[in-house]
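J.: Sharing a structure below in structure tokens format, with a few things to ask.
The values are calculated or read from the model by the stated rules, or taken from the named source; none is laboratory data. Everything numeric in this text was worked out from a predicted model, so none of it was measured. Here the Cβ is made from the backbone with ideal geometry for all residues, glycine too, and neighbour counts use every protein chain on show. Please note that ligands, DNA and RNA were not included when accessible areas were found on the heavy atoms of the full protein model with its side chains. Shrake-Rupley method; radii C 1.70, N 1.55, O 1.52, S 1.80 Å.
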Amino acid sequence: MTSTSLPESLIATLPGSSYTDPGIFAQEQERIFERMWFCVARSSDLARPGAFRTVDVGRESVLVTRARDTSVRAYLNVCRHRGARICTQSSGEVKRAFQCPYHAWTYDLTGRLVAAPNLTKMPDVSRTEYGLAAVAVREWLGYVWACLAEDPPPFAEVVDEVVTRLGDAEAIEHYDMAALAVGKRIVYDVKANWKLIVENFMECYHCATIHPELTEVLPEFADGYAAQYYVGHGAAFGAGIQGFTVDGSPGLERIPGVSEEQDRRYYAITVKPQVFINLVPDHVIFHRMYPVAVDRTVVECDWLYLPGVVEGGKDISRSVELFDRVNRQDFDACERTQPGMSSRLYAEGGVLVPSEHHIAAFHDWVHERLGTRPPQ
Ligand code: FES
Ligand code: FE
């Protein structure tokens, strides 16, 4: 069926190849993940100077660390000498410098080349020019965001996505996310294209079918309309629900800044290209996706609570279990969908029903970024 012959209720999705073609994935890496602000770490993962994480951003490995002055720094994880990968671990801590394991070129936490065998005999070698290649980096909401673009887009674009969704510039500040503590982190290895995960997150047509616990807590999700996408709209907890937990039992202390209006409500925000934020009165669930192949995406998910909740060892298991189940239900659906993307039936794609029509704007955005179709 071609898009021109679709009934009015339906809009075409992207074609199957968009989810299976490694060439298209490579273009997305170059034109989306390597050009936009990309969330790479929780700031507290880099609590001390010398703590580091390595993260793949598009086709590059990026080394993120904290310098002695406590600023966060990011570098291409590639030695200036002959290109060896400097850190092969996904996280760790160095005392004061990164040493390349090949010929021992050594870089301090600000990226400067500070030592190398026979370096003193090469006085013409600039310590900064032959230092690590810096990548633009910012901290916001307690997370570290990096951008590989030579001329990064304004970070305000990231902030605007959150503010526009909530309809109020201060609303996100009420949750004081930078001050919250990670109570739980779960990493999901999802055998599905990253766009299937974004599309799934954007609609609630599936909620009644696959999320029995979530629709119990948020009854309006059962009608299939993604009410959460109305600007400033938080989905209300059901009448008998005491907390955002797997069985509706009481949650934890409310985050003090959360307003009366935000209380007993759930807000979901998509921050392109790879972050989802869920806000509830007593915690925040923060997802970031790391697309690793056309058919594989690692999703790292943090449950953030007031520091007293985490330090005091309070029981967070029922609130973690709610969204962990939701995640598994969603990722199972995405994995079930991925093989269909290679089917002859999906050569021209599938269709979006009215409660999913807003996903077409995401598809237009992908086309626009890849230059494959003018924006509509
Ligand atoms: Fe790193 Fe030679 S490649 S020191
Ligand atoms: Fe879902």
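J.: Being of a type in the set (G, A, S), surrounded by 12 or more Cβ atoms within 10 Å (Cβ to Cβ) and in contact with a Gly (Cβ under 6 Å, 6 or more places away or on another chain) is true for just one of G131, G142, G58. Which residue is that?
T.: G131
J.: Looking only at the range 299-335, filter to residues that are within 13 Å of ligand 2 (Cβ to nearest atom) and either of a type in the set (D, E) or without any contact (Cβ under 8 Å) to a residue 40 or more places away in the chain (or both); which one of those is surrounded by the most Cβ atoms within 10 Å (Cβ to Cβ)?
T.: By that ranking, first place goes to D330.
J.: Let me ask you something else. Which residue, of T209, T215, is open to solvent by less than 70 Å² (accessible area, probe 1.4 Å), over 20 Å from V144 (Cα atoms) and not aliphatic (A, V, I, L, M)?
T.: Matching residue, one of T209, T215: T215.
J.: For the range 149-199: of the residues being touching a strand residue (DSSP E or B) at 6+ places or on another chain (Cβ under 6 Å), open to solvent by 40 Å² or more (accessible area, probe 1.4 Å) and of a type outside the set (V, I, T), which is farthest from A26 (Cα to Cα)?
T.: It comes out as K184.
J.: Do we find a residue being open to solvent by 40 Å² or more (accessible area, probe 1.4 Å) and of a type in the set (A, V, I, L, M) anywhere in the range 30-41?
T.: no
J.: Another question, then. Restricting the search to the range 109-120, which residues are touching a strand residue (DSSP E or B) at 6+ places or on another chain (Cβ under 7 Å) and more than 15 Å from ligand 1 (Cβ to nearest atom)?
T.: Those that are touching a strand residue (DSSP E or B) at 6+ places or on another chain (Cβ under 7 Å) and more than 15 Å from ligand 1 (Cβ to nearest atom): L109, T110.
J.: Identify the residue in the range 69-116 that is within 24 Å of the chain's Cα centre (by Cα) and charged (D, E, K, R) and, among all such residues, is nearest to D45 (Cα to Cα).
T.: Result: E93.
J.: Can you tell me how many residues in the range 280-298 are among the aliphatic types (A, V, I, L, M), within 16 Å of ligand 2 (Cβ to nearest atom) and touching a residue at least 60 places away in the same chain (Cβ under 8 Å)?
T.: The qualifying residues number 1.
J.: Please tell me if E260 is of a type in the set (D, E), under 19 Å from A169 (Cα atoms) and open to solvent by 10 Å² or more (accessible area, probe 1.4 Å).
T.: It is true that E260 is of a type in the set (D, E), under 19 Å from A169 (Cα atoms) and open to solvent by 10 Å² or more (accessible area, probe 1.4 Å).
J.: Filter the range 82-102 for residues that are part of a loop (DSSP other than H, G, I, E, B) and surrounded by 14 or more Cβ atoms within 10 Å (Cβ to Cβ); which is farthest from ligand 1 (Cβ to nearest atom)?
T.: If we take residues in the range 82-102 being part of a loop (DSSP other than H, G, I, E, B) and surrounded by 14 or more Cβ atoms within 10 Å (Cβ to Cβ), then V94 is farthest from ligand 1 (Cβ to nearest atom).
J.: What pairs come out if I take residues in the range 41-64 that are closer than 22 Å to A293 by Cα and pair them with residues that are open to solvent by less than 10 Å² (accessible area, probe 1.4 Å) and among the hydroxyl-bearing types (S, T, Y) whose C-beta lies under 8 Å away, six or more apart or interchain?
T.: Close Cβ pairs satisfying both conditions: A41/Y143; R53/T65; T54/S61; V55/S61; V62/Y75; L63/Y75.
J.: Out of T106, T110, I need the residue that is open to solvent by 30 Å² or more (accessible area, probe 1.4 Å) and not aromatic (F, W, Y). Which one?
T.: The match here is T110.
J.: Looking at the range 246-273, I want the residues that are hydroxyl-bearing (S, T, Y) and have a partner that is in a loop (DSSP other than H, G, I, E, B) and open to solvent by 60 Å² or more (accessible area, probe 1.4 Å) with Cβ atoms under 9 Å, at least 6 apart or on another chain. Which pairs are those?
T.: Correct list of pairs: S249/Q242.
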